[in-house]
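Participant: Dropping a structure here in structure tokens format, bear with me for questions.
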Amino acid sequence: MTDLATELGTAELVIVANRLPVDEVTAPDGSSTWRRSPGGLVTALEPVLRQHHGAWVGWPGGVDQEIEPFVSDGLTLVPVPLSAEEVEEFYEGFSNATLWPLYHDVVATPAFHREWWESYVEVNRRFTEKAAEVAAPGATVWVQDYQLQLVPRMLRDLRPDLKIGFYLHIPFPPVELFLQLPWRREILEGLLGADLIGFQLPGGAANFVRLVHERVGHETRGDRVFLPDGRIVRAAAYPISIDTEEFETLARSEATEKRVAEIRESLGNPRTVFLGVDRLDYTKGITARLRAYSELIASGDLDVEECVFVQVATPSRERVEQYRRLRDEIDMLVGRVNGDYGPLGRPVIDYQHVSFPREEMAALYRAADVMVVTPLRDGMNLVAKEYVACKFDDEGALVLSEFAGAAHELRQAWMVNPYDINGMKNALLEASRATPEDRRRRMRAMRAQVKEHDVARWAATFLGDLG
Ligand code: ADQ
């Protein structure tokens, strides 16, 4: 027997996630290969997957791709195909235009369509069947995120022998908002198929338990739900983190040091570099933060000759209407501010609509004096943690929204309410004018937190509790 779980029914640990941890890249000659997509989740789970004869079930990203399970960089990958219609209805529709806004405080209006729901059920069933095929008897299956909330129940029905965990990467909404969902009962029942349900924050876990008690009628005590068949389901917080050491090592490298100097030089060696890094998403509070900054430039509180705001936004979900509108809104705001206040050759806001490799991200973090993370709602926000991890010299200031999960751990940041523009302006000024001692004291405390609670510890704690 090989040590890879390439044969059906042999994987002792199965990760089920919307995407496989690889992207298909096509060479100029038309041949294609798979390249590992960077991400904390893969990094964290890779060692456990290897150790436990593991497999990863997920969508390869294309349309109608029937691909047999394959091995990439020593990981067994099990593709789940989606049709063009399913990409539209299950992924762009129910996942990203219904659940995503609903779970993020309805900062955009969720759309409810019955065909989208039917597609969600159908695709969840397909993921379930693949997972059931590859899992060894008594194996552990760990299902990830909001796209797959029905999988735990479906999988338990097919394979009662499995140990099933579920982790939600985004917030679990307050009861009053969740109740808008026409299929609320089905989602709750779906999740209850798991033995352990992990949330970013204790508040999310509490929302879930309360809903189960009030709406499904199960007995609950603390973080436990007692099912009529005698099973006990736990719902608890496991705040996710990053590979702290990897980021710090990158940040300390000579190549990064060189790149930091180049970046600051190309920005005109300003006294203060403000930085925002996000997926281009309406939950991230990008426009509010840029508006606050522009007002400080307009009023002269910040001098355009001394400061620059670098905003990097990864293209994201570009076929969803709300994302297209957001992009236009940001383009317009940046254009207007630069046109009104930017001297020749010196943008007020240096806006990059692009995804950078990790090396460049580390250099940007190192180059930034003030990191501005202002989501209207965010499960955790790894960018805030990555910034802290890269500041090995304890320099730099973090401005952080109190509505990011990370605010519960990075308590020494300059906290802001992203809906309060004046409050945000004050925080930007305070963070940029703070004494070096004040900044260092805060950064040291945040670094200690992120070093101790890294993503490996997150995965080990969850899997340990599940076991
Ligand atoms: P996201 O909403 O994607 O994640 P976040 O946690 O900030 O948000 O993670 C984004 C990741 O993408 C970071 O690792 C960051 O470095 C990277 N990234 C962002 N912009 C980039 C760019 N321009 N170029 C390259 N890389 C870029 C969801 C939830 C979060 C939760 C995570 C993990 O919404 O709340 O923290 O999952 O659970």
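The values are calculated or read from the model by the stated rules, or taken from the named source; none is laboratory data. Values in this document were obtained by computation on a predicted structure and should not be read as measured data. Every residue, glycine among them, receives a Cβ derived from its backbone with ideal geometry; neighbour counts consider all protein chains shown.
Participant: Which residues, taken from region 389-435, are part of a loop (DSSP other than H, G, I, E, B) and aromatic (Phe, Trp, Tyr)?
Facilitator: Answer for region 389-435, where residues must be part of a loop (DSSP other than H, G, I, E, B) and aromatic (Phe, Trp, Tyr): 392, 403, 419.
Participant: Take residue 272 and tell me if it is touching a Cys at 6+ places or on another chain (Cβ under 7 Å) and under 27 Å from residue 444 (Cα atoms).
Facilitator: Taking the combined requirement at face value, the residue satisfies it.
Participant: Given (1) out of contact with any Gly (no Cβ under 8 Å at 6 or more places or on another chain); (2) among the β-branched types (Val, Ile, Thr); (3) buried (at least 20 other Cβ atoms within 10 Å of the Cβ), where does residue 314 come up short, assuming only one miss?
Facilitator: Every listed condition holds for residue 314 apart from (3).
Participant: What is the residue count in region 344-372 for residues that are more than 9 Å from the ligand (Cβ to nearest atom) and assigned to a loop (DSSP other than H, G, I, E, B)?
Facilitator: Residues meeting the conditions: 7.
Participant: Given (1) more than 13 Å from the ligand (Cβ to nearest atom); (2) touching a His at 6+ places or on another chain (Cβ under 8 Å), identify the lone condition not met by residue 315.
Facilitator: Only one criterion is unmet by residue 315, namely (1).
Participant: When only residues in region 181-203 that are among the small types (Gly, Ala, Ser) and in contact (Cβ under 8 Å) with a residue 40 or more places away in the chain count, which is farthest from the ligand (Cβ to nearest atom)?
Facilitator: Applying the filter and picking the extreme gives 193.
Participant: All but one of (1) assigned to a strand (DSSP E or B); (2) on the phi < 0 side of the Ramachandran plot hold for residue 171; which doesn't?
Facilitator: Every listed condition holds for residue 171 apart from (1).
Participant: On the given criteria, is residue 259 touching a helix residue (DSSP H, G or I) at 6+ places or on another chain (Cβ under 7 Å), farther than 25 Å from residue 388 by Cα, assigned to a helix (DSSP H, G or I) and of a type in the set (Lys, Arg)?
Facilitator: It is false that residue 259 is touching a helix residue (DSSP H, G or I) at 6+ places or on another chain (Cβ under 7 Å), farther than 25 Å from residue 388 by Cα, assigned to a helix (DSSP H, G or I) and of a type in the set (Lys, Arg).
Participant: Between a residue in region 5-28 that is touching a residue at least 12 places away in the same chain (Cβ under 8 Å) and any residue that is of a type in the set (A, V, I, L, M, F, W, C) and in a loop (DSSP other than H, G, I, E, B), which pairs come within a Cβ distance under 7 Å, given they are 6 or more apart or on different chains?
Facilitator: 11/5
Participant: Determine if region 273-291 includes at least one residue that is at pLDDT 95 or above, among the hydroxyl-bearing types (Ser, Thr, Tyr), within 15 Å of the ligand (Cβ to nearest atom) and part of a helix (DSSP H, G or I).
Facilitator: Scanning region 273-291, I find at least one residue that is at pLDDT 95 or above, among the hydroxyl-bearing types (Ser, Thr, Tyr), within 15 Å of the ligand (Cβ to nearest atom) and part of a helix (DSSP H, G or I), so the answer is yes.
Participant: Out of region 167-206, which residues are more than 20 Å from the chain's Cα centre (by Cα) and either at pLDDT below 95 or not aliphatic (A, V, I, L, M) (or both)?
Facilitator: Result: 176, 178, 180, 182, 183, 184, 185, 186, 189, 190, 193, 195.
Participant: Here's a follow-up. Going by what's in this entry, would residue 367 be described as modelled with pLDDT of 95 or more, closer than 27 Å to residue 411 by Cβ, in contact with a Cys (Cβ under 9 Å, 6 or more places away or on another chain) and among the small types (Gly, Ala, Ser)?
Facilitator: no
Participant: With the structure loaded, tell me whether residue 375 is outside the structural domain of residue 37 (by TED's automatic domain parsing), within 13 Å of the ligand (Cβ to nearest atom), assigned to a loop (DSSP other than H, G, I, E, B) and crowded, with 16+ Cβ neighbours inside 10 Å or whether it fails that test.
Facilitator: The answer is yes for residue 375.
Participant: Being closer than 18 Å to residue 275 by Cα, touching a strand residue (DSSP E or B) at 6+ places or on another chain (Cβ under 6 Å) and touching a residue at least 60 places away in the same chain (Cβ under 8 Å) narrows it down to one of 370, 399, 334, so name that one.
Facilitator: 370
Participant: Can you tell me which residue among 445, 397, 367 is surrounded by 24 or more Cβ atoms within 10 Å (Cβ to Cβ) and over 30 Å from residue 106 (Cβ atoms)?
Facilitator: On inspection, the qualifying residue turns out to be 397.
Participant: So residue 225 fits all but one of (1) buried (at least 22 other Cβ atoms within 10 Å of the Cβ); (2) under 18 Å from the mean Cα position of the chain (by Cα); what number is the exception?
Facilitator: Result: residue 225 passes all but (2).
Participant: Condition (residue is within 16 Å of the ligand (Cβ to nearest atom), buried (at least 16 other Cβ atoms within 10 Å of the Cβ) and either within 25 Å of residue 207 (Cβ to Cβ) or at pLDDT 95 or above (or both)) applied to region 415-436: is it met by at least one residue?
Facilitator: Taking every residue of region 415-436 in turn, at least one turns out to be within 16 Å of the ligand (Cβ to nearest atom), buried (at least 16 other Cβ atoms within 10 Å of the Cβ) and either within 25 Å of residue 207 (Cβ to Cβ) or at pLDDT 95 or above (or both).
Participant: Take the residues in region 35-65 that are within 21 Å of residue 84 (Cα to Cα) and touching a strand residue (DSSP E or B) at 6+ places or on another chain (Cβ under 8 Å), then tell me which one is surrounded by the fewest Cβ atoms within 10 Å (Cβ to Cβ).
Facilitator: Result: 65.
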